[in-house]
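Report on the following structure.
What follows draws every value from the coordinates through simple rules; no lab data is involved. Note that the coordinates shown come from a computational prediction; the quantities given were computed from them, not determined experimentally. Note that we place each Cβ from the backbone using ideal geometry, even for glycine, and neighbour counts take in every protein chain shown.
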Amino acid sequence: MNSKLENLWEEVRELSLGTTPQIDRLHTPPTPLQFLRHYLSQNKPFILSASAATTLQWPATTLWTSTSYLLNTLSSSTVSLHLTPTGQADSLTPHPSNPDSLCFASAHVQSTSFSDAIDAIKASRKNDSSKGFVAYAQQQNDCFREEYGALARDCDSHIPWATEAIGGLPEAVNLWIGNDLSETSFHKDHYENLYAVVTGEKHFLLLPPTDVHRMYIREYPAAQYTYSEESEEFELKLENPERYVPWCSVNPYPLPKDKEKEISKFPFYYNGPKPFEVTLKAGEILYLPSMWFHHVRQTPDNRGLTIAVNYWYDMQFDIKYAYFNFLQSLSFCKPRLNDGDSFINENLSNGDKNHKEE
Ligand SMILES: O=C(O)CCC(=O)C(=O)O
């Protein structure tokens, strides 16, 4: 059975992504028809380069390099800041009462003034040990049009060629402000995603939906961090009532000391084709098609910040979606039990259309 899976991974790369698979780099924006024909309908990513002709013409690309501009414009805004002990929000972490197994931990979310948020993000960088947390402004929930509405005029409200091809405006527009420790673990979304970096760089690992078995999606108990300013400590508590979240088990960074053990736990991931690696620079846009698995890290600008805006457009729940669910429902490998990971459910059904999915 495994060789059939390998054929699938290979065939998708050959037929859809090219014989030397790499992500296309465009130097001029596609027309709506080109986007529809060559990318959207093929569920195929591309980067719109920041070459002289195409770099984003948004005022944001210059205005947002000035922290005092951001502080003045958002002086009366309250924003949601996500705090975690390590910078890995929405990710797997040792279970609070059974550290030999894992749970799915969500960040502590704090409402704060924009200026306090920026101070916290800057002060929780890798080389600043004064904070016991890492702060990441990444509320998602359409936060750019809500919490950061005062900045709206600095960016396009939508991506015109995508809006025309998709036939509707974005469902959500989000702002992401992180530092060198902010990291988003492997997952997929049920959205067509146009992701634009404004300052700093973002580093994506990408795998197509047909590589689903390489992610070892398992159900993990949901838990929530709470951070106490008084004790400056986190508490991680399981949600009550209990809830399970299907999430990707593979986390490529940092590769654990026992590399062989990690590879033997996730052989499809480590022995299969390498994920596509994309570095997105300021002024560039990535088209990240719906249901592609992505892992995201960042390199900040000289202030210590990476700022990005992304546009989530509704995906079509069509025949591709049905095939994907069918593929995901098939089991190809037995998880190793009793090795410290909560591989509890081999067959996942995934009918739910929440925005953030494993
Ligand atoms: O920038 C990030 O940290 C994550 C982005 C992401 O997951 C998304 O746009 O769906």
What residues qualify as long-range amide H neighbours of residue 217, i.e. H under 5 Å apart, gap of 5 or more or another chain, H built at 1.01 Å from N?
249
Dividing the surface of the Cα convex hull of the stretch 237-342 by four yields a projected area in nm² of 11.1 nm²
Based on DSSP H assignment, which helices of the chain show an axial Cα extent of at least 30 Å together with a mean Kyte-Doolittle hydropathy greater than or equal to -1.0?
none
Using θ = phi - 60° and Karplus 6.51 cos²θ - 1.76 cosθ + 1.60, couplings along the stretch 57-73 (whole Hz; Gly, Pro as x):
8, 6, x, 3, 5, 9, 4, 7, 6, 9, 5, 5, 4, 4, 5, 5, 5
Could you work out the pair-distance distribution P(r) of the stretch 76-165 from its alpha-carbon pairs, with 5 angstrom bin width and percents rounded to whole numbers?
3, 12, 17, 18, 15, 13, 10, 6, 3, 2, 0
Which entries in the list 202/265; 126/202; 237/259; 44/188 go over 18 Å, if you measure between the two C-alpha atoms of each?
202/265; 237/259
Label the stretch 34-132 by shape, choosing from rounded, prolate and oblate, from the square roots a ≥ b ≥ c of the eigenvalues of the Cα gyration tensor; if a/c is under 1.5 it is rounded, and otherwise prolate applies when a/b is larger than b/c, oblate when it is not.
oblate
Step through the residues of the stretch 296-308 one at a time and calculate ³J(HN,Hα) from phi using the Karplus curve (6.51 cos²θ - 1.76 cosθ + 1.60, θ = phi - 60°), rounding each to whole Hz and writing x for Gly and Pro.
10, 10, 8, 10, x, 6, 6, 8, x, 10, 10, 10, 9
Counting only helical runs of four or more DSSP H residues, what would the 222 nm mean residue ellipticity of the chain come to if each run contributes -39,500 (n - 2.57) and the total is spread over all its residues?
-4500 deg cm²/dmol
Computed over the Cα atoms of the chain, what is the ratio Rg over Rh, Rh following Kirkwood?
0.95
Using a Gaussian network for the chain with springs between C-alpha atoms less than 10 Å apart, which of these wobbles most: 84, 62, 199?
62
Taking placed amide H atoms and a strict 5 Å upper bound, the residues 5 or more places from residue 140 or on another chain that come that close are 175
Loop GluC sites (Glu not before Pro), the stretch 234-303, which have at most 16 other Cβ atoms in a 10 Å radius of their Cβ (DSSP):
239, 242
Once phi for every residue in the stretch 233-247 is put through the Karplus expression 6.51 cos²θ - 1.76 cosθ + 1.60 (θ = phi - 60°), the whole-Hz ³J(HN,Hα) values, with Gly and Pro written as x, are 10, 9, 10, 10, 10, 5, 5, 10, x, 4, 9, 10, 10, x, 9
Which cross-chain or sequence-distant (5 or more) residues have an amide H under 5 Å from the amide H of residue 90, H modelled 1.01 Å from N in plane?
107
Mean separation of Cα contacts under 8 Å (at least 6 apart) over the residue count of the chain, i.e. the relative contact order in percent, is 24 percent
For q = 0.18, 0.20 Å⁻¹, Debye-computed log10 I/I(0) when each Cα of the stretch 1-46 counts as one equal scatterer
-0.61, -0.70
Could you run the Debye sum over the Cα atoms of the stretch 67-118, one equal point scatterer each and no solvent, and tell me log10 of I(q)/I(0) at q = 0.22 Å⁻¹, two decimals?
-0.79
